[in-house]
1. Return one number: the angle in degrees, 0 to 90 and rounded to the nearest 10, between the long axis of the Cα atoms of helix B:106-119 and the longest principal axis of the Cα atoms of chain B.
2. Buried by at least 40 Å² relative to the chain on its own: which residues of the stretch A:265-301 qualify, computing accessible area with a 1.4 Å probe on protein heavy atoms?
3. Can you tell me, using C-alpha contacts under 8 Å and at least 6 residues apart, the relative contact order of chain B as a whole percent?
4. Tell me the relative contact order for the stretch A:107-152 as a rounded percent, counting alpha carbon contacts under 8 Å between residues six or more apart.
5. Distance in nm between label sites at A:Glu19 and A:Cys305, each 7 Å beyond Cα in the beta-carbon direction?
6. Between beta-carbons, use under 13 Å as the cut-off and find the net charge around B:Leu89, counting Lys and Arg +1, Asp and Glu -1.
7. Which percent, to the nearest 5, of DSSP beta bridges fully inside chain A are antiparallel?
8. Write down the accessible area per residue of the stretch B:210-354 in Å², having rolled a 1.4 Å probe over the full set of protein chains.
Amino acid sequence: MGREIAMAPLMQSSQPWVEKYRPKQVKDVAHQDEVVRVLTNTLETSNCPHMLFYGPPGTGKTTTALAIAHQLFGPELYKSRVLELNASDDRGINVVRTKIKNFAAVAVGSNRQGGYPCPPFKIIILDEADSMTQDAQNALRRTMETYSKVTRFFFICNYISRIIEPLASRCAKFRFKPLTEEIMGSRILHICKGEDLNLDSEALSTLSSISQGDMRRAITYLQSAARLFGSSISAKDLISVSGVIPNEVVQAIFSACRSGNFDLANKEVNNVVAEGYPVSQMLSQLYDIVVDADDISDEQKARICKKFAEADKSLVDGADEYLQLLNVASSAMQVLSNMPQDMAF
Amino acid sequence: MLWVDKYRPKTLDKVIVHQDVAQNLQKLVSEGDCPHLLFYGPSGSGKKTLIMALLRQIFGPSADKVKVENKIWKVDAGKRTIDVELTTLSSTHHVELNPSDAGFQDRYVVQEIIKEMAKNRPIDTKGKKGFKVLVLNEVDKLSREAQHSLRRTMEKYSASCRLILCSNSSSKVTEAVRSRCLNVRINAPMEEEIVNVLEFIAKKEGLQLPQGFAACIAEKSNRNLRRAVLTFETCRVQQYPFTNNQAIPPMDWEQYVSEIASDIMKEQSPKRLFEVRGKLYELLTNCIPPEIILKRLLFELLKKLDSELKHEVSHWAAHYEHRMRLGQKAIFHLEAFVAKFMSIYKSFLISTFG
Ligand SMILES: Nc1ncnc2c1ncn2[C@@H]1O[C@H](COP(=O)(O)OP(=O)(O)O)[C@@H](O)[C@H]1O
Ligand SMILES: Nc1ncnc2c1ncn2[C@@H]1O[C@H](COP(=O)(O)OP(=O)(O)O)[C@@H](O)[C@H]1O
Ligand SMILES: [Mg+2]
Ligand SMILES: [Mg+2]
């Protein structure tokens, strides 16, 4: 009881590590050398074009835009000089136009303040810009022209193809690359130091590889594992918070398919479902095994992968996980043991 | 009170299975750092129990004082206002609901409720603002749009409202939502763990429970703990003292499906199909979900079939269940599966025995 009463003062939320370890300076953004070079130059010359950052999630796009804005204006001027709009704000055409107009219309001076360059323009950051409609983007084109002397736009998106050509062509474009495992590793170690965590080398390489170049995922997994398992974190802990299925479990299904024994496969499928492993994840891990297998012919691989694709689509439609995985396992078994696959009856 | 409710552990330190998860949850609470959570795992594995115990750990016994409300929500759906009626379960600290009950309106309801919760933030003795918890059941049944707008809401109101999501399958929860939560997988308990729970209940009830009998109930439960406890209670009513070879009654509907399986193995004809349709209807009107019927029917058929037919029959089960999801009338697809099975089986019999 005593503990419960002590709990009653409500918990406060602490800062997520994704925010805590966001680099504050452009030079600390890892692996995106080209954009870092251009922006470092900007800091000296106080000059910069409109920018378009694109690339997969968790590669530093938002971080870079925020960092340069802070470095150019410092904390005092930031609010009056930088406007951030992201997908969670209402971005109908009119809202965007009005907000930008109101923001850009107030004139700026160019006196250096507190050691910050403070160039004579404002920055408008449009994050997740690929979720804006074509109409809204078109409307933006005129706004950009109207205020071109006094504003710089930073567009951020995952897919450059979703940004209309007239906007894209007005910007310097930078592609953000997925982080390599080495670079992830060194960022992770940096965080581990800050949080007093202990990660052995197996855990470190596991974390780098399951995050697939997405630093946000790596940090989220790391923080989840630390919350659950304390300061000594193993590869197994990381796998368990990431939703990746342990290799033995995937291998067990695959060997059952090779065995040609339907009942055995059925048993393994039941086990996967009872353990609560997501079948969509199972399909993608099975896919990796099949594609890499040396002793399966290309034709067999193709036929199995076709089944994966069909099952994946059915799952998206909401089909039952057990039935879909059983069907995949049964088909793979038929292919692997060269049973006739056309329905016999 | 049924044993499943009577013996549901109320606090994290009292759980019998998933002790490791419970300890982790205790750690989360004691570090004062509780993120959004997603619990996923099969039905009857113990998700709900852990969630309720967690709420109690965070808020103390007042989390148990819940009231059921049937409330009409006025939601702003673009140009018009719609009324959505929904049952919620709430204490001063949390609200629990099944958003999928709201059908197409699910997305508006979720946002509306979160906004309202954010407005009335509880304030503690030191004047600090706290947060409330919103428990959303069956998030796998939530529409894609609702899930999408959830992710925006999750960020915007994260200071005032924590979400606990509960789902039978994590495949059906979008990546965007999953990556904003700490994911907690709850696997179905193993048979030995189920036996432990049964022994615990037997002790509390002052019953003699023979080991073989407990193992037998656990095995029949298919790793579903709720089912095992329910069966145990039924057996207690039927015969006590227990014996090791006491019969464990199957559920009525399962018995019924098993008869359907025998029916269609015995005779493949339009007349038989017609009779089976009546039985399928009856199952549906008794609220047995159609995919559960189909899976059980497959289970019964697989027990009786030759191995070469198993592939084909399980293929068609997957096929028709998928169709059923896309369509609206479950009976059509169940019947189509039965007809398909009859046709396959008849050809097989002819080609084998002439
Ligand atoms: N290139 C990078 N160098 C260092 N940290 C990074 C890098 N990319 C991402 N991160 C980390 O991942 C988190 C998410 O990065 P963010 O810039 O928001 O990604 P996005 O590209 O999706 O906008 C940041 O908090 C930061 O800690
Ligand atoms: N950790 C546990 N220890 C002992 N019994 C449990 C535990 N979790 C669940 N039970 C029993 O199993 C029943 C079903 O659990 P429940 O949490 O409702 O499952 P789910 O929400 O996954 O469907 C409960 O009513 C309770 O009797
Ligand atoms: Mg971003
Ligand atoms: Mg439940």
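1. Once rounded, the angle reads 30 degrees.
2. Buried on complex formation: A:Ala274, A:Glu275, A:Gly276, A:Pro278.
3. Across chain B, relative contact order equals 15 percent.
4. Relative contact order comes out at 45 percent.
5. Using points 7 Å along Cα→Cβ, the separation is 4.3 nm.
6. Computed value for this residue: 0.
7. 5
8. Accessible area per residue: 51 Å².
The values are calculated or read from the model by the stated rules, or taken from the named source; none is laboratory data. In this text the structure is predicted, and so the values were computed from the model without any measurement. In this analysis, Cβ positions are derived from the backbone assuming ideal geometry, glycine residues included, and neighbour counts consider all displayed protein chains. Ligands, DNA and RNA are stripped out before the accessible areas are found, and what is left, the full protein with its side chains, is counted by its heavy atoms. Shrake-Rupley method; radii C 1.70, N 1.55, O 1.52, S 1.80 Å.
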